[in-house]
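Read the structure below first, then the notes.
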Amino acid sequence: MASCGYFSVLLHAFVFATLTTSAFSQLSPYFYDKTCPNALRTIRSVVEAAVKKEPRMGASLLRLHFHDCFVNGCDGSILLDPTPTIDSEKNSDANFQSARGFEVVDDIKNEVDYVCGTGIVSCADILTVAARDSVVALGGPTWEVELGRRDSTTANKTEANIQIPRPSSSLSQLIIHFNNHGLDINDLVVLSGGHTIGFARCVSYRNRIYNDTNIDPFYARQLQQICPENGENFNLAPLDPMGPNHFGSGYFSDLIQKKGLLHSDQELFNGGYTDELVLKYSHDTQAFNKNFAISMIKMGNIQPPPGDQGEIRFDCRRVNDNID
Ligand code: HEM
Ligand SMILES: *[C@@H]1O[C@H](CO)[C@@H](O)[C@H](O)[C@H]1NC(C)=O
Ligand SMILES: *[C@@H]1O[C@H](CO)[C@@H](O)[C@H](O)[C@H]1NC(C)=O
C-alpha cells in the first residue's frame, strides 16, 4: 500500500500547512481576553496621552497602520529599524523623513509588556489598536478591533515602494493599489477620508499647487505662500483645510470645492467613477463614519503571505534573537 502511505503523507502535509497558515487568519476581538485582559485599556491610555500632548500624533499612528498593512499584510514590518539583514521600510519613499509615531509605539509596547508580561501582545496588534484609538481620540468613529496578528521577522523596502500609493497617483493607479489588497473603490474613497486629519510636507503637494488645473486658485495661492517652488520641502499644510485635528467628513467637501491637498486626493473627485461616493460622504457623515469603521477592519485583515509564521516581538524595532 505504498501509494496509500504516500497519499497520507500528502494529506498530513496539507493539513499541517492549513493549520499553520490559518494561525494568522483566525483573528478575534477576544484574542487577549485571557492572556492580557488589560491590553486594550493600556494601549488606549498611552494613545490618549500622546494625542493630548500632540494632536497630530493620532494622524501619524493611523498612517503607520495603513503603511504596515499595505506591505505584506499587517505584521508590524514597518516598525523594524534597519540592520544588515533588515531592509527597513522606514527608508522607503513614502516613509523616509515622513512616517512618525515610532516612539509612541515603543511606549505602548513597554506599558503592555509591563502589565501583561513579554511575548504576549504583538506589535502588529498594538499598531492596529492604536490606529483605532487615535481616530476615536480625534472625534471619529469606533469599532471592535480584530486581534491575533503576529509580527514579521522581515521587512522589504522595495515592496513598500511598490505597494504604498504615491501622492502623484492617478485614479486608476489608486484603484489598482487598493484592489491588490482586496479593497474596492468604496474602501479607497472611505479610507482616503483618513486625510481628514494630519499634515503633508511641501514635497508631497508642490507639484499639485503649481501644475494641477483642477485646484481652487485661491487655495493654490494660499498654499504657495507656505510651499515655494524650490526649498522649504518640509513645510506642512493640513490635508483637510477645514482642520487637521478633528476627524470628520470635511475632507469630502474639500474635494468637491477642488481643495484636495494631494493630487491623489483630488483624483477621487475629478469626473471619474468615484465622484458619486465623494458626494455621498460629503453630505452623509454617518455613512462615512460607519463605512470608515468597516473598511478599517477590512484593511486590518490584510494577511501576510501564507506560511509566514511570525513571532511576538520583544522590541517592536527588532526581530527576536534566536537563542538556542
Ligand atoms: C489613497 C492613497 C493614499 C495616498 C496616495 C496617500 C498619501 C499621503 C501623503 C503623501 C501624505 C503626506 C506625507 C508627508 O508629506 O509627510 C499622507 C499623510 C497621511 N495619510 Fe495618506 N495616503 C493615502 C491613503 C491613506 C489612508 C488609506 C490612510 C488611513 C486610513 C491615510 C492616512 C494618512 C494620514 C492620517 C496622514 C497624515 C499623517 C501625519 O500628519 O503624520 N492615507 N498620505
Ligand atoms: C522584496 O520585494 C521585492 C519586490 O516584490 C522582491 O523582488 C524581493 O524578493 C523581496 N525581498 C525579500 C528579501 O523578500
Ligand atoms: C511642473 O511640471 C513640470 C513639467 O512636468 C515640471 O518640470 C516642474 O518641476 C513642475 N513644477 C513643480 C513646482 O513641481
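Within the stretch 206-260, the residues that satisfy the criterion of being under 15 Å from residue 278 (Cα atoms) and either open to solvent by less than 40 Å² (accessible area, probe 1.4 Å) or in a helix (DSSP H, G or I) (or both) are 240, 248, 249, 250, 251, 252, 253, 254, 255, 256, 260. Selection within the stretch 146-171: residues that are touching a residue at least 24 places away in the same chain (Cβ under 8 Å) and of a type in the set (A, V, I, L, M, F, W, C). The member of this set that is nearest to ligand 1 (Cβ to nearest atom) is 164.
Being away from ligand 3 (no atom under 16 Å from the Cβ), farther than 19 Å from residue 92 by Cβ, among the small types (Gly, Ala, Ser) and in a loop (DSSP other than H, G, I, E, B) is the requirement here; does residue 182 meet it? If you could, list the steps in order and put the result at the bottom.
On the way: away from ligand 3 (no atom under 16 Å from the Cβ): yes; farther than 19 Å from residue 92 by Cβ: yes; among the small types (Gly, Ala, Ser): yes; in a loop (DSSP other than H, G, I, E, B): yes.
Spelling it out, residue 182 is indeed away from ligand 3 (no atom under 16 Å from the Cβ), farther than 19 Å from residue 92 by Cβ, among the small types (Gly, Ala, Ser) and in a loop (DSSP other than H, G, I, E, B).
Of all the residues in the stretch 261-289, those that are crowded, with 18+ Cβ neighbours inside 10 Å and either more than 16 Å from ligand 3 (Cβ to nearest atom) or part of a helix (DSSP H, G or I) (or both) number 15. Residue check: residue 126 meets all listed conditions (1) away from ligand 1 (no atom under 12 Å from the Cβ); (2) open to solvent by less than 30 Å² (accessible area, probe 1.4 Å); (3) part of a loop (DSSP other than H, G, I, E, B) but one, namely (3).
Residues that are open to solvent by 10 Å² or more (accessible area, probe 1.4 Å) and either within 16 Å of ligand 2 (Cβ to nearest atom) or not in a helix (DSSP H, G or I) (or both) within the stretch 185-199 comprise just one, 199. Residue 77 falls short on exactly one of the conditions (1) over 12 Å from the mean Cα position of the chain (by Cα); (2) surrounded by 18 or more Cβ atoms within 10 Å (Cβ to Cβ), and that condition is (1). A residue that is part of a loop (DSSP other than H, G, I, E, B), within 25 Å of residue 68 (Cα to Cα) and open to solvent by 20 Å² or more (accessible area, probe 1.4 Å) occurs somewhere in the stretch 290-301.
Name the residues in the stretch 88-110 that are touching a Ser or Thr at 6+ places or on another chain (Cβ under 7 Å) and either open to solvent by 20 Å² or more (accessible area, probe 1.4 Å) or within 16 Å of ligand 3 (Cβ to nearest atom) (or both), would you? Quick ask: steps written out before the conclusion?
In the first step, residues of the stretch 88-110 are kept if they are touching a Ser or Thr at 6+ places or on another chain (Cβ under 7 Å); the result is 89, 100-101.
Within the stretch 88-110, just 100 meets the criteria.
Going by the conditions given, is residue 174 assigned to a helix (DSSP H, G or I), away from ligand 3 (no atom under 14 Å from the Cβ) and either surrounded by 16 or more Cβ atoms within 10 Å (Cβ to Cβ) or touching a residue at least 40 places away in the same chain (Cβ under 8 Å) (or both)? Criteria met by residue 174. Of all the listed residues (149, 166), the sole one being part of a loop (DSSP other than H, G, I, E, B) and surrounded by fewer than 18 Cβ atoms within 10 Å (Cβ to Cβ) is 166.
The values are calculated or read from the model by the stated rules, or taken from the named source; none is laboratory data. Keep in mind that this is a model prediction, so the values were computed, not measured. Cβ sites come from the backbone with ideal geometry, for glycine too, and all protein chains shown count toward neighbours. Heads up: the accessible areas ignore ligands, DNA and RNA and are worked out on the full protein's heavy atoms, side chains in. Shrake-Rupley method; radii C 1.70, N 1.55, O 1.52, S 1.80 Å.
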